[in-house]
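Just so you know, all these numbers are worked out from the coordinates, no wet-lab data involved. Keep in mind the model is a prediction, meaning the values are calculated, not measured. Every residue, glycine among them, receives a Cβ derived from its backbone with ideal geometry; neighbour counts consider all protein chains shown.
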Amino acid sequence: MSVGAMYPGTFDPVTNGHLNLVRRAAKLFDRVVVAVAASPNKTPMFSLDERIGMARAALADAPNITVDGYTGLTVDYVRQHGLRVIIRGLRAVSDFEFEFQLATMNRHLQPEIESVFLTPAEEYTFVSSTFVREIGILGGDIAAFVPEVVAAALARKRAELARQ
């Protein structure tokens with residue numbers, strides 16, 4: 001039986017921690033969709049198209065990983081695309097309570113969909129998109145935390161902000 005999984009998130013921007021998680025998930029599932037949420041309520045720094053483009057560039061070498069954008073309920077996307085699993089990352093104990101509640105709500109909405117939790121490699125447990133954005137915009141070195149395409153995009157954003 002072929003089992004597909006969705007790794008949803010805002011990915012504003014995608015980090016090496018995200019990439020570590022999704023590449024490991026791709027060893028467990030036949031196909032993995034990195035689903036970039038529009039997340040208009042979060043007012044992301046990068047547009048949906050920019051976030052999708054960065055993730056696609058970073059994962060271009062992964063044959064069973066695709067990147068897609070979406071709006072609406074995550075469980076609806078999973079069901080509509082014939083997937084069976086939602087992958088979520090846990091960096092620290094503080095993530096657990098929220099992720100547990102989210103998984104329980106998703107199971108209530110779509111009982112046939114399972115949530116699977118993965119932890120990133122130790123070197124990425126402290127990396128978050130929020131930290132990366134802030135460090136990058138302030139001119140700090142983010143090379144260890146993101147793929148080159150993201151570092152370049154953040155440098156462009158910093159230059160845009162400096163011109164304003």
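Table for the structure above
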read-out: Charge sum, other residues only, whose C-beta stays under 13 Å from A58's C-beta, Lys/Arg counted +1 and Asp/Glu -1; value: 0
read-out: Segment 15-91 shape via C-alpha gyration tensor axes, a/c threshold 1.5; value: oblate
read-out: Leading residue at positive end of dipole, the chain (Cβ point charges), from T43, L118, A5; value: T43
read-out: Anisotropy class of segment 1-139 from Cα gyration tensor, a/c 1.5 cut; value: rounded
read-out: Euclidean distance of C-alpha centroids, segment 58-89 and segment 116-160, integer Å; value: 22 Å
read-out: Length-normalised contact order for the chain - Cα pairs under 8 Å, 6+ apart - percent; value: 28 percent
